[in-house]
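The values are calculated or read from the model by the stated rules, or taken from the named source; none is laboratory data. None of these values were measured; they are calculated from a predicted model. Cβ: placed from backbone, ideal geometry, glycine included. Neighbour counts: every protein chain shown. Surface areas here come from the heavy atoms of the whole protein model, side chains and all, with no ligands, DNA or RNA. Shrake-Rupley method; radii C 1.70, N 1.55, O 1.52, S 1.80 Å.
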Amino acid sequence: MTSESPTAAVLKIQMRGVYKAFDATTVLDGINLDVATGNVIALIGASGSGKSTLLRCVNLLEPVDDGEIFFDGVDIAEPGLDPDPIRRRIGMVFQSFNLFPHMSVTDNVAIGPRKVLGVSKSQARSDGLEMLTRLGLGERADAYPDQLSGGQQQRVAIARSLAMNPEVMLLDEITSALDPELVGEVLDVIRGLKEAGMTMLFATHEMAFAREISDTVCFLHKGRILEEGPPDQIFGDPREPRTKAFLQRVTDAGRL
Amino acid sequence: MTVPPLTRRAVYEQKQRRRAMVIATVSTTIALVAVVVLIPLTPGWEKVKKSFFDADIFVESFPGLLDAFLLDLKILFVSTPLILIVALLIALARGARRPAMFPLKAFAVIYTDVLRGIPVILLVFLIGFGVPALGLSRELSNPVIWGTVTLVLSYSAYVSEVMRAGIDSVHESQRAAARSLGMTGHQTMSAVVLPQAFRRIVPPLMNSFVSLQKDVALVSLIGPVEILRQAGIDKAKTANFTPYVAAAVIFLALTIPFTRLADWALARQRRRTGATTIA
Ligand SMILES: Nc1ncnc2c1ncn2[C@@H]1O[C@H](COP(=O)(O)OP(=O)(O)OP(=O)(O)O)[C@@H](O)[C@H]1O
Ligand SMILES: [Mg+2]
């Protein structure tokens, strides 16, 4: 049995009281979050505040302990639900790229459509090449992941997700593992996705980028969304003392 | 047309290579001369030469041994794929997480524990003599079959542990990436985890394969006339150990090229995935 959310139509994702613990440690402590179609939501917060876990729960890589996550109005947090059909509609990009090292770049991008969508090998590879070309990687299509720079690898990882035609993209600190001069090329890709109207939920330490690109910023603290609002308000006029303190620390560290 | 000038490093490396070549040649020559000159000076050499290195007996027994070796090869080529398949199934069963798979998992644990714990030679005796004693039909009493089965049982238990270690060595984040694309557990295992695991376990698998090439000879203990037994027969006939030396040469002719091939394949694999070796 899956329950229907009343406001299903407008919202792509709706989280209600999402709770998640690892053993005795509560990591998500009642998350409520609405993501409208085409919206870009930034998750900020200290290390360990639960950003990655929240993203992994949306993609069902971590089972949710309690609460509901409506995806297109269908509760996907339902225990025992088959996660595969959901995951193929949600793209995820990881901090550490996680490319498949034994496959060429093109095959990395083609594997999802081939295995999951049943696209023929040649079709998947030519689609993959097209996607790579769009992200400026056409020339490296036959390379293996560890022959690429970090920025290129991360763009391949984005291409791999996009090849599945996802309805939502989850991005988990996708520039944290990159040298500063490589961050820009990856962020450019994300800007392009926003222009194309992609719904995105992303965790980041790049405050300037969060401010520039998101429609809503959520400040996470100890597994709760402590403050949520438009970027100009959160960064310019934070209401919660903890948000202020966090942003102050970030500013002091020279990241804003 | 201009010849590209040699870089400083190229000049240096060329010099190093020449030097290494000279050293290797000189030291090899010295070692060989020492062996060839010094060993014949030992007091028992004449006797050893006669009973181990008799050229006539070598030539005479060689074709028969080669013929007998065909049986070893047959056993080897039948058992190798079976070992890989059984080992993979056992490794996968051990890693199963679903509760319905529990009996299989338990079976896999017992299988590896028991079969790895018994020396191959003992297992050959137990199965080779034990199973035919059940009074099976003539074809099923063939010791070659039970010898092969024994090798498969023993080696698959060992190889399955190697495979399991290989599977476990693939980082969880690879699984997460595959699953996030919507791939099922099986697709993730077959397209992402196993190919990486196999590349990592090639060297230990090659070692097992070389051991297997040699352990095939244990099958002779329960009757079949393969190379070791044939060498024993020849030895008894000629009252000379040369047939054993000939058998050893035949084994080496198989194992050495194979070991080289394995090294080459591994080096090529490394180059292809771009990893540079650090001096
Ligand atoms: N698999 C796990 N098992 C146990 N604890 C975990 C696991 N994954 C995460 N945690 C814990 O959950 C908490 C939140 O982790 P999470 O990775 O979601 O934080 P984060 O906000 O993404 O941090 P960072 O900014 O460092 O990436 C941390 O205390 C972490 O130790
Ligand atoms: Mg994180």
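The alpha carbon convex hull volume per residue for chain A rounds to 133 Å³.
Could you check how many percent of all C-alpha pairs in the protein assembly as shown are farther apart than 38 Å? Looking at the protein assembly as shown, the distances longer than 38 Å represent 50 percent of pairs.
Taking a 25 Å limit on the Cα-Cα distance, which of the listed pairs A:12/A:51; B:50/B:74; A:51/A:115; A:12/A:194 fall beyond it? Check vs 25 Å cut-off fails for B:50/B:74; A:51/A:115.
In the protein assembly as shown, the calculated helix contribution to ellipticity at 222 nm averages -18500 deg cm²/dmol per residue, counting -39,500 (n - 2.57) for every DSSP H run with n ≥ 4.
Compactness of region B:47-273 was expressed as the Cα radius of gyration divided by 2.2 N^0.38 Å, which yields 1.23. Go ahead and set up a Gaussian network model of chain B, Cα springs under 10 Å, then flag whichever of B:75, B:90, B:118 fluctuates most. Per the Cα network of chain B with a 10 Å cutoff, B:118 tops the list. Heavy-atom accessible area with a 1.4 Å probe sorts A:204, B:25, largest first, into B:25, A:204. When Rg and the Kirkwood radius Rh are both evaluated on Cα atoms of region A:129-207, their ratio Rg/Rh stands at 0.94. In the assembled protein chains, residue A:221 presents an accessible area of approximately 50 Å² (probe radius 1.4 Å).
Of the listed residues A:126, B:173, the order by accessible area with a 1.4 Å probe, largest first, is A:126, B:173.
Just so you know, the Rg over Rh for region B:1-41 is 1.40, from Cα atoms, with Rh as the Kirkwood radius. FRET efficiency for the residue A:29 to residue B:118 pair, using the beta carbon distance and R₀ = 56 Å, is estimated at 0.55.
Working from label points 7 Å from Cα in the Cα-to-Cβ sense, the residue A:130 to residue B:261 distance is 4.3 nm. Just in region B:69-145: which trypsin sites (Lys or Arg not before Pro) are loop by DSSP and have at most 15 other Cβ atoms within 10 Å? Sites meeting the loop and neighbour criteria: B:97, B:138.
Computed extension gain for residue B:104 through residue B:184, at 0.36 nm per residue and net of the alpha carbon distance, reaches 26.7 nm. Rounded to whole Å, the principal axis extents of the Cα atoms in region A:39-86 read 32, 24, 19, largest first.
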